[in-house]
Amino acid sequence: MTFELPSDLEALRRHVRTFARERIAPLAAELDRNPTFPRDSLREMAELGLLGVTTPEAYGGTGLGTLALAVLVEEISAADASHGTLMAVTNGLPQKLLVAHGSEEQKQRWLPQLASGEWFGAFCLSEAHAGSDAVAIRTRAERIEDGYRLKGNKAWVSGGGEADLYVVMAVTDPQAGARGISTFVVENGTPGLSFGAPEEKMGQHASITSTVHLDDVHVPESHRVGREGEGFIQAMDTLDVGRISIAAQSLGIARAAYEAARTYADEREAFAQRLRSHQGVAFPLADMISRLEAARLLTWRAAARHDEGRRVTMDAAMAKLVASEMAGFVTDAAIQVLGGAGYTKDYPVERYHRDARVTRIYEGTSEIQRIVIARQMYRDGD
Ligand code: CAA
């Protein structure tokens, strides 16, 4: 057993860290104030291969795998959480689903565009009344002569309105529950596809979250991924990787907050000593780094196991639960270390706290992760 990254991945991590500090971090405060979909910087990320990390080289990706995805999403998220979300989503959801479940023709058709960053991919599972209870979605896919007609509304779609390709879960058999849901690819520009205004969110303003409306959208049968009725299981299987990437994002945001607090505690004095000399500040910093390292171990283990081809439902849920809760603790503690300064926009820690909050919600809330873990405990017979 080793706790070091392979040397080539460590080198890539350092390279991407420098890129993220120089090219992404300087955009973060302005994107928080005036959010726009960061197309230019995403293009730069694509040039480094960051938008096709888990897609095999045969389909235009770098095929580096899930551990690399986790390591690199952390680096980008430490610079800006919105970029981290967009990277996590396009890699971990639409591309992952097509790699695992798409036909050869579908992979050839869509993956190269997504992996190269020419197209951005989004994932449409949740609906306004069906977030945690994903089986309760109502978007309907009715069979018609030459394909399907999709009708319904998808909620909280990261990249909604900006993305070029939407992976959509819809009900094909209303009587069949989880086995009555199927997956479809809908390209932007398809008649009947439209978008709501971007949600006004607490944080991560530039990841642009919108409702996706499907008003009698016609897709040919060749846009259905896998067989009818496999969509829910495909979505769950895909979220296993998605959740690892959100755990990695939590690590990145928390690391940025910890580093800001550590620097502040080193530079500022109170009661004739540096802040770091006061246990009241040093102890929270010690807790922050300890919890961060613990969450990273769980995240990397889940990712490494996925690369070994193992099912990681429980590992991914544990990593996301622990890492996202950790990010809430660390970003809050960072504000406390900075005191009044931490509550202002003169420092980035208040943004880190707002950005981190949603990691406990999207791609399955902390409560859903606990449900998944509790069920897997008995399933695995441990
Ligand atoms: N891998 C493979 N199959 C799985 C699976 C997994 N991880 N999880 C469940 N399944 C299978 C089950 O084995 C079952 O199959 P059978 O019919 O053969 O038994 C089937 O799926 C149904 O599973 P459950 O009975 O467990 O279904 P449930 O209704 O009890 O719900 C749940 C399970 C875990 C609560 C699920 O609904 C869930 O994860 N909810 C949260 C949804 C979520 O994470 N949404 C995030 C959306 S993405 C997003 O955030 C947007 C964005 O842009 C970032």
Query raised in the report: Mind checking whether some residue in segment 276-287 is under 19 Å from Ala70 (Cβ atoms) and buried (at least 16 other Cβ atoms within 10 Å of the Cβ)?
Result: no
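Select from segment 329-369 the residues that are within 10 Å of the ligand (Cβ to nearest atom) and among the charged types (D, E, K, R) and write down the one among them that is surrounded by the fewest Cβ atoms within 10 Å (Cβ to Cβ). So that I can check it myself, show each step before the final result.
Initially, segment 329-369 is screened for residues within 10 Å of the ligand (Cβ to nearest atom), giving 358, 361-365, 367-369.
Still in the list and also among the charged types (D, E, K, R): 363, 367.
Working: Glu363: 31, Glu367: 12.
If we take residues in segment 329-369 being within 10 Å of the ligand (Cβ to nearest atom) and among the charged types (D, E, K, R), then Glu367 is surrounded by the fewest Cβ atoms within 10 Å (Cβ to Cβ).
If I ask for residues that are in contact with a helix residue (DSSP H, G or I) (Cβ under 8 Å, 6 or more places away or on another chain) and either free of Cβ contacts under 8 Å to residues at least 12 places away in the same chain or more than 13 Å from the ligand (Cβ to nearest atom) (or both), which ones from segment 224-235 would you list? Walk me through it before giving the result.
Let us first name the residues in segment 224-235 that are in contact with a helix residue (DSSP H, G or I) (Cβ under 8 Å, 6 or more places away or on another chain), namely 225-226, 229-230, 232-235.
Matches in segment 224-235: Val225 only.
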Report task. Considering every residue within segment 114-127, establish whether at least one is assigned by TED's automatic domain parsing to the domain that holds Ala46, of a type outside the set (S, T, N, Q), assigned to a helix (DSSP H, G or I) and more than 16 Å from the ligand (Cβ to nearest atom). Result -> yes
Query - Count - residues of segment 209-267 that are in the same structural domain as His306 (by TED's automatic domain parsing), closer than 30 Å to Thr344 by Cβ and of a type in the set (Ser, Thr, Tyr) - result: 4
**Report entry** Selection from segment 12-31 of residues that are out of contact with any Asp or Glu (no Cβ under 8 Å at 6 or more places or on another chain) and either buried (at least 19 other Cβ atoms within 10 Å of the Cβ) or among the basic types (Lys, Arg) (or both)
**Finding:** Leu12, Arg14, Arg21
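If you take just the strands (runs of 3 or more DSSP E) that sit entirely in segment 136-211, which of them hold at least 1 residues that are within 10 Å of the ligand (Cβ to nearest atom) and surrounded by fewer than 24 Cβ atoms within 10 Å (Cβ to Cβ)?
Working: elements: 140-144, 147-158, 165-171, 181-187, 193-195.
Because the criterion is at least 1 residues that are within 10 Å of the ligand (Cβ to nearest atom) and surrounded by fewer than 24 Cβ atoms within 10 Å (Cβ to Cβ), the strands (runs of 3 or more DSSP E) in segment 136-211 that meet it are 147-158.
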Query raised in the report: Just checking, how many residues over segment 64-98 are assigned to a helix (DSSP H, G or I), of a type in the set (D, E, K, R) and away from the ligand (no atom under 14 Å from the Cβ)?
Result: 2
Query raised in the report: Just to be sure, is Glu74 farther than 21 Å from Thr313 by Cα and touching a Gly at 6+ places or on another chain (Cβ under 8 Å)?
Result: no
Query - Residue check, Ile244 over 30 Å from Asp32 (Cα atoms) and within 15 Å of the ligand (Cβ to nearest atom) - result: no
Requested in this report: Evaluate segment 266-277: report whether one residue or more is modelled with pLDDT of 95 or more, within 30 Å of His306 (Cβ to Cβ) and of a type in the set (Lys, Arg).
Outcome: no
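The values are calculated or read from the model by the stated rules, or taken from the named source; none is laboratory data. Every value quoted in this text rests on a predicted model; they were computed, and no experiment measured them. Methodologically, a virtual Cβ is constructed for each residue, glycine included, from the backbone with ideal geometry; neighbour enumeration extends over all protein chains shown.
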